[in-house]
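Each reported figure results from applying straightforward, stated rules to the coordinates on display, with no laboratory input. Quick caveat: nothing in here was measured; it's all calculated off a predicted structure. Please note: Cβ atoms are built from the backbone with ideal geometry, for glycine as well, and neighbour counts cover all protein chains shown.
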Amino acid sequence: MSAPEASVQVSFKNRAKTALADRTLKIAIDRTTGTAEAKRAVAVAAFPEFQAARARGRAIKDHVIAHLDHYLEQFERNATASGATVHWASDDAEARAIITRICLDAKAKLVTRSKSMLGEEIGLPHALADAGIERVETDLAEHIIQLAGEAPSHIVWPAMHRTREQVAELFKIAHHPPPSADDPATMVQSARRELRAKFLGADIGISGSNFLVADTGATCTVTNEGNAELTTTPPRIHIVTAGIEKIVPTTAHALSLLRLLVRSATGGELTQYTTFHCGPKRPGDADGPEEMHIVLVDNGRTRMLDNEFREMLRCIRCGACMNHCVVYRQIGGHAYGGTYPGPMGSVLTPVLNGLAGSRDLPNACTMNGRCAEVCPVEIPIPTLLRAWRIRSWREKLEPGSLRVGIGIWAVLARRPGLYGLASRVGVRALRLFGKGGWIARLPLAGGWTAHRDLPRPAGRTFMEQYRAQQAHKGSRP
Amino acid sequence: MSGQPNPRVGLFVTCLVDAIRPSIGFSAIQLLEEAGCRVEVPQAQTCCGQPALNSGDEKDAAALARQTIAAFEGFDYIVLPSGSCAGTIVHGYPDLLAKDPVWAPRARILAARTHEITSFLVDVMGFRPKGRRLSATATYHDSCAGLRELGIAAQPRALLAEVAGLEMRGLEGNDVCCGFGGTFCVKYSDISNAIVTEKAEAIERTEADLLLAGDLGCLMNMAGKLNRRGARTRCFHTIEVLAGRADGPAIGEEG
């Protein structure tokens, strides 16, 4: 659907290979994920009720997922009563059409946007460009990747694949005038200067939403830069795009989840800016948009209610799973090829883009379980990845070589006598390929021996040796 | 079940130990017997089925689950020298057979009796090795399945603390995956290599004589990488050290 075109043509393995060869990328990934991991650990250690909060967060999400229709209808009633217009989009194309229509009806020339992964998911940047509308990303990291013409590589830090030094080079070319120095503070000032005029001149501001509060009809944005407020307040029209799973019953529930979200994402206790947007400007309000539109997007989510990926609807998009993922930390976000990278993305991308083109993602995981361990809403990510593998096997998407290999192995493993024979022959054959204790090259096992040696097996299997021992014991008087 | 002084234990040696490193199986028998168990090795065992399970091949995985259940359900306990294979029996089998009215209860009963060996020795048998001595420095890698599926962390360390002369050194990222992941390491060989390279670097920085871990798959991956890099670190399964076999050949050394 909205995956970048290029990712369809280049395989996951090739993208991963390119990423692995990029040492600067590795430095950038290590800096950000390393800091995130350390800060999260400190934040969790300083919050003795973290486990209880996690259980509560999970229960809140499970409750709303079980009563999604009830809360969404309540939200629509209250949001409408507050003066907002609620739109329903069943998929990405419908969402794009609704938003583009609002922009064109308003004759908008300039749109500011605060960071929203849902906007990426539905392909909003391309849709606005196609409609001839200038789009300005106001989140600092989104500003960076907009200048670079790139997609986000992380759901919390979209530009984390770029080092500070690379950003300095980019700003030198793209900012007018260029920043006077390349220390972070001067670079941030330069970006503020670039963005300020756009904030004030925009016709429409588009934001995402971290929470949709059913009993007030408010949408909540959280940022650390304040750009969401500047995106949503000055323009005449504010458009909110949100996945339907963002619903919570009350503000208190939103705050319960926010405690988990911030600690898991950045290790902070609270975001710098936490804003509840409830309807457009009312009579007597000092500022605010004249129109507020809320586009509620399904795009595969209701399908997940009834299948094995239901628990993924709990996700609050904190990014902890990718920060703690050994694979993500080697290849970064772009190699995944979808809107959402890392472990959570490997569950979601097949939902959004189909399994046939993304079957590598659930397979490219060691099943080490660290993602589930840090997930603030206890999503059993490895179990969900395994569910994709099961579907992939059933749908015969796995490569023939693997199917044949597993098939032959299973025929043997289901027959202990034959398996024992094959093992005895196998270890003797394997010994022929090695010298000393190691095998450095082995036909058909290049995946192993390209990078590491294989211990040469002992001459006889355990079972042979054990049986000989037992026979010896038995023969003694 | 606890409190039984001489339980009958079925040892599942695991397919990798059977083929690659029998010494781990014999170490297990020795320690279990020292702890007072009557140990048997059912001949109908092959593999727990994890390669099929992790490849999405439920049918073959379920067949192997049933075969393993039938082979081991007569014992008081089933013990494995692998957190990964034990985790498959404890969590994988009940899930895999959940909808089978005959096999689901049998899977759950077997799961409740299944233990990784260091946790069995400590948590069930209250065992500590006696009179072990090894003059060496060692570092320990927490294999992921044992750590996160079965909560194995304190038990191997408690047992190793009984070995006189053995100095344990902390490993940076001790709870981070080594990049093995079963078939992952050959299917995504380049990514696995990048992960195990970082692991090997961390191990080398400890300058320990020995690397210890509780799963042969992870050990083969790390040992194979360390050897390829020319490192001198000797790699053993935890229970080989506990059984006093660390004076013998390490993984990749000829006996």
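Want the number for residue A:59 to residue A:306: 0.36 nm per residue separation, take away the alpha-carbon distance, what's left?
87.1 nm
Suppose we flag trypsin sites (Lys or Arg not before Pro) only when DSSP calls them loop and at most 14 other Cβ atoms lie within 10 Å. Which is the longest uninterrupted stretch of chain A?
So the longest stretch without any such site is A:110-395.
Multiply the residue gap between residue A:287 and residue A:445 by 0.36 nm, knock off their C-alpha separation, and tell me the result in nm, one decimal place.
Here the answer is 50.2 nm.
I'd like the FRET efficiency for residue B:205 and residue A:70, computed as 1/(1 + (r/R0)^6) with the beta carbon distance as r and R0 of 51 Å, rounded to 0.05.
0.35
As I understand it, the value is the acute angle between the Cα axis of helix A:23-45 and the longest principal axis of the Cα atoms of chain A; what does it come to in degrees, rounded to 10?
80 degrees
Quick one: putting +1 on the C-beta of Lys and Arg, -1 on the C-beta of Asp and Glu, what dipole do you get for the range B:8-124 around its Cα centre, in Debye to the nearest 20?
About 180 debye.
If you project the alpha carbons of the protein assembly as shown onto their three principal axes, what span does each projection cover, largest first, in Å?
103, 57, 48
How high is the FRET efficiency from residue A:39 to residue A:186, r the C-beta distance, R0 22 Å, rounded to 0.05?
Computed FRET efficiency for residue A:39 and residue A:186: 0.35.
What shape does the range A:405-475 have by the C-alpha gyration tensor, where a ≥ b ≥ c are the square roots of the eigenvalues, rounded means a/c under 1.5, and otherwise prolate means a/b greater than b/c and oblate the rest?
Taking the square roots of the gyration eigenvalues as a ≥ b ≥ c, the range A:405-475 is oblate.
Taking Cα atoms, how many degrees apart are the long axis of helix A:462-475 and the longest axis of chain A, rounded to 10 and kept between 0 and 90?
40 degrees
Within the range A:246-303, which GluC sites (Glu not before Pro) sit in a loop by DSSP and count at most 16 neighbouring Cβ atoms inside 10 Å?
A:269, A:290
For each cysteine in chain A, check whether another cysteine's C-beta sits under 4.7 Å from its C-beta; list those where none does.
A:103, A:220, A:278, A:315, A:318, A:325, A:365, A:375
Using Cα atoms only, what is the angle between the long axis of helix A:184-201 and the major principal axis of chain A, expressed in degrees (0 to 90) to the nearest 10?
Helix A:184-201 sits at roughly 50 degrees to that axis.
Counting only helical runs of four or more DSSP H residues, what would the 222 nm mean residue ellipticity of the protein assembly as shown come to if each run contributes -39,500 (n - 2.57) and the total is spread over all its residues?
Calculated from helices alone, the mean residue ellipticity at 222 nm is -14500 deg cm²/dmol.
Please tell me which of these pairs span more than 19 angstrom C-alpha to C-alpha: A:109/A:246; A:396/B:59; A:17/A:435; A:115/A:281?
A:109/A:246; A:17/A:435; A:115/A:281
For the modelled label position 7 Å from the Cα of residue A:401 along Cα-to-Cβ, which residues of the range A:425-457 have backbone nitrogen atoms closer than 19 Å?
So the set is A:440-454.
Identify, among B:219, B:188, B:231, the residue whose Cα sits farthest towards the positive end of the charge dipole of the range B:137-255, taking +1 on the Cβ of Lys and Arg and -1 on the Cβ of Asp and Glu, with the dipole about the Cα centre.
Working it through, the farthest residue towards the positive pole turns out to be B:188.
Among A:295, A:384, B:152, which residue has its Cα furthest toward the positive end of the charge dipole of the protein assembly as shown, with +1 on Lys/Arg Cβ and -1 on Asp/Glu Cβ?
B:152
Pairs of alpha-carbon atoms within less than 8 angstrom and 6+ residues apart define the contacts here; what relative contact order does chain B have, in percent?
RCO, chain B: 19 percent.
With only Lys, Arg, Asp and Glu charged, each at its Cβ (+1 for the first two, -1 for the last two), find how big the charge dipole of the protein assembly as shown is about the Cα centre; round to the nearest 20 debye.
2260 debye
How far apart, in nanometres, would the label points at residue A:469 and residue A:23 be if each is projected 7 angstrom from Cα along the Cα-to-Cβ direction?
4.9 nm
Which one of B:17, B:117, B:176 has its Cα pushed farthest toward the positive end of the charge dipole of chain B, where Lys and Arg give +1 and Asp and Glu give -1 at the Cβ?
B:117
In debye to the nearest 20, how big a dipole does the range A:49-303 give about its Cα centre with +1 on each Lys and Arg Cβ and -1 on each Asp and Glu Cβ?
Approximately 280 debye in magnitude.
Can you pull out the chymotrypsin sites (Phe, Trp or Tyr not before Pro) in the range A:351-451 whose DSSP state is coil and whose Cβ has at most 15 other Cβ atoms within 10 Å?
none
Can you say what percent of the DSSP beta bridges in the protein assembly as shown, counting only those with both residues inside, are antiparallel? Round to 5.
In the protein assembly as shown, DSSP labels about 20 percent of beta bridges as antiparallel.
Under a cut-off of 18 Å between alpha-carbon atoms, report the lysines in cross-link reach of residue A:39, not counting same-chain residues fewer than 8 places apart.
none
For residue A:61, go through the aspartates and glutamates and keep the ones whose alpha-carbon is under 20 Å away, minus same-chain ones fewer than eight residues off.
A:49, A:69, A:73, A:76, A:215, A:245, A:298, A:306, A:308, A:311, A:373, A:378
Once you order the gyration tensor axes a ≥ b ≥ c over the Cα atoms, which shape class does the range A:219-266 get: rounded for a/c under 1.5, otherwise prolate or oblate by comparing a/b with b/c?
Oblate.
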